[in-house]
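Please treat every number below as a calculation from the coordinates, not as lab data. Because the structure is predicted, anything quoted here is derived from the model rather than measured. A quick note on method: Cβ atoms are made from the backbone with ideal geometry, for glycine too, and the neighbour counts reach across all protein chains shown.
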Amino acid sequence: AQSVAQPEDQVNVAEGNPLTVKCTYSVSGNPYLFWYVQYPNRGLQFLLKYITGDNLVKGSYGFEAEFNKSQTSFHLKKPSALVSDSALYFCAVPYSGNTPLVFGKGTRLSVIA
Amino acid sequence: EPEVTQTPSHQVTQMGQEVILRCVPISNHLYFYWYRQILGQKVEFLVSFYNNEISEKSEIFDDQFSVERPDGSNFTLKIRSTKLEDSAMYFCASSEETGAYGYTFGSGTRLTVV
């Protein structure tokens, strides 16, 4: 079975500073990798995905993620954090083949003004 | 933008009672899913549904759970005899094709079993 790991339960960053939320993966073959965000009392919203191609993937709200095959990582990044980015972030990968998605445990991002 | 709609937003039920959680997936989507999230923590896969049958299910999805697509629009999750540990947020999701294209999630139903 394929899986992802998010090593940090909580990430704190000052507004305006760059942010990184970490994700590592364990998959066979070429991975499909996803990032989702969950704002308080809301469902999960799709941020971005890596299927193939350019290792730097750009997504919604100014977020991007870098696929690194040698380090089996897919870290989420943003050059300048906003207070409104404070949320729960989930990395995801298909369990096997194409479906279903399985999620990491989530990382809570707090951006402090 | 198309949405996945879930009703009710919050359901309180007594232990041992049956509950049905309802979802209206995006109309042209073919794959449907239920996930649950306990106390804002890990999002756990329950079941996937395609072509009017279950395609995959997790070990959480035991005989107490069932899913149905009773008509062309609704997708339901039934819990026959609720337990305290079933208290969670339940999310429905749909996708146009298989997982490589990502899912659209509903806002969830908060189930509280008392």
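Of the residues A:81, A:92, A:65, the one that moves most in a GNM of chain A with alpha-carbon contacts below 10 Å is A:81. Think of each Lys and Arg Cβ as +1 and each Asp and Glu Cβ as -1; about the Cα centre, that makes the dipole of region B:5-93 roughly 240 debye. Among B:47, B:12, B:67, the largest mean-square fluctuation in a Gaussian network model of chain B, built with springs joining Cα atoms closer than 10 Å, belongs to B:12.
When every Cα-Cα distance of chain B is counted in 10 angstrom steps from zero, the calculated P(r) takes the values 15, 51, 30, 4 percent. Treating each Cα of region A:3-112 as one equal point scatterer and applying the Debye formula with no solvent, the log10 of I(q)/I(0) at q = 0.11 Å⁻¹ comes out as -0.30. Specify which residue in the list B:34, B:112, B:49 is farthest towards the positive end of the charge dipole of chain B, using unit charges on the beta carbon of Lys, Arg (+1) and Asp, Glu (-1), about the Cα centre. Selected residue: B:112.
For the protein assembly as shown, the extents of the C-alpha atoms along the principal axes are 49, 38, 32 Å, listed from largest to smallest. When the charge dipole of chain A is built from unit charges on Cβ atoms (+1 for Lys and Arg, -1 for Asp and Glu) and taken about the Cα centre, the candidate among A:17, A:93, A:57 whose Cα reaches farthest toward its positive end is A:93.
Going by average Cβ density within 10 Å per residue, which order do the peptides A:25-35, A:54-64 take, highest to lowest?
Listed from highest to lowest mean packing, they are A:25-35, A:54-64.
The string of couplings for region B:107-112 from the Karplus curve (6.51, -1.76, 1.60, θ = phi - 60°) is 7, x, 10, 8, 9, 10 Hz, one whole number per residue in order, with x for Gly and Pro. When chain B is treated as a GNM with alpha-carbon contacts under 10 Å, the residue of B:76, B:104, B:13 showing the greatest mean-square fluctuation is B:13. Cross-link list A:49/B:78; A:58/B:78; A:49/B:83; A:77/B:83; A:77/B:42; A:69/B:57: which exceed 28 angstrom alpha carbon to alpha carbon? Over 28 Å Cα-Cα: A:49/B:78; A:58/B:78; A:49/B:83; A:77/B:83; A:69/B:57.
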